[in-house]
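> Have a look at this one before I ask anything.
The values are calculated or read from the model by the stated rules, or taken from the named source; none is laboratory data. If you're wondering where the values come from, they're calculated on a predicted model, not measured in any experiment. Don't worry about glycine lacking a Cβ; one is built from the backbone with ideal geometry, like all the others, and counts go over all protein chains shown.
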Amino acid sequence: MKRAIKSLRPLTASEAEQLMVYGALDNPTRLIAYEILHDEPDIAFNALARRLGVKTGLAAYHLAVLKASGLVEFRYVRRSKATSLYRLTDFGERWYRRLFGPRGLVARERAKARRRTRSKAAG
């Protein structure tokens, strides 16, 4: 006996936006890149790849996903050679505050580590 498939309702604009952002940030490397770009706007591509600890091809892929979601933008700057500088877009900044609050992800992780250290010392 076959069951009838319920018809799905279309996503609202807000739900579609959430799905896009969560999809872009569902990878640990992209999440770290997002955090670095929040803390260090206008970072050069090669410096970002080094900070992430990945090869430039993989860094380019992850940055392309973040750019496609609208969270990240880049611009070329002429120095001794053309350099691309990355930063969060206004949309990316809004989502950062929405996801991590005003203190940010790094501050939250440091606070958790301090609490763990204190609880181990007390126990």
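> Can you pull out every residue in segment 74-94 that is at pLDDT 95 or above, of a type in the set (D, E, K, R) and assigned to a strand (DSSP E or B)?
Arg87
> Could I ask something else about it? Would you pick out the residues in segment 12-24 that are touching a residue at least 40 places away in the same chain (Cβ under 8 Å) and either assigned to a loop (DSSP other than H, G, I, E, B) or of a type in the set (Val, Ile, Thr) (or both)?
Taking segment 12-24 as the starting set, the residues that turn out to be touching a residue at least 40 places away in the same chain (Cβ under 8 Å) are 20-21, 23-24.
Hit for segment 12-24 is Val21, nothing else.
> Give Ala60, Ala64, Ala24 a once-over and let me know the one that is at pLDDT 95 or above and in contact with a Lys or Arg (Cβ under 9 Å, 6 or more places away or on another chain). Reasoning before the result, please.
On the way: Ala60 fails: in contact with a Lys or Arg (Cβ under 9 Å, 6 or more places away or on another chain); Ala64 fails: in contact with a Lys or Arg (Cβ under 9 Å, 6 or more places away or on another chain).
Answer to the selection: Ala24.
> Out of all the residues in segment 32-73, which are in contact (Cβ under 8 Å) with a residue 24 or more places away in the chain, part of a helix (DSSP H, G or I) and crowded, with 16+ Cβ neighbours inside 10 Å?
Ala33, Tyr34, Glu35, Leu37, His38, Phe45, Leu48, Ala59, His62, Leu63, Val65, Leu66 - these are the residues of segment 32-73 that are in contact (Cβ under 8 Å) with a residue 24 or more places away in the chain, part of a helix (DSSP H, G or I) and crowded, with 16+ Cβ neighbours inside 10 Å.
> Only one of (1) at pLDDT 95 or above; (2) touching a strand residue (DSSP E or B) at 6+ places or on another chain (Cβ under 9 Å); (3) not hydroxyl-bearing (Ser, Thr, Tyr) fails for Pro41. Which number is that?
(1)
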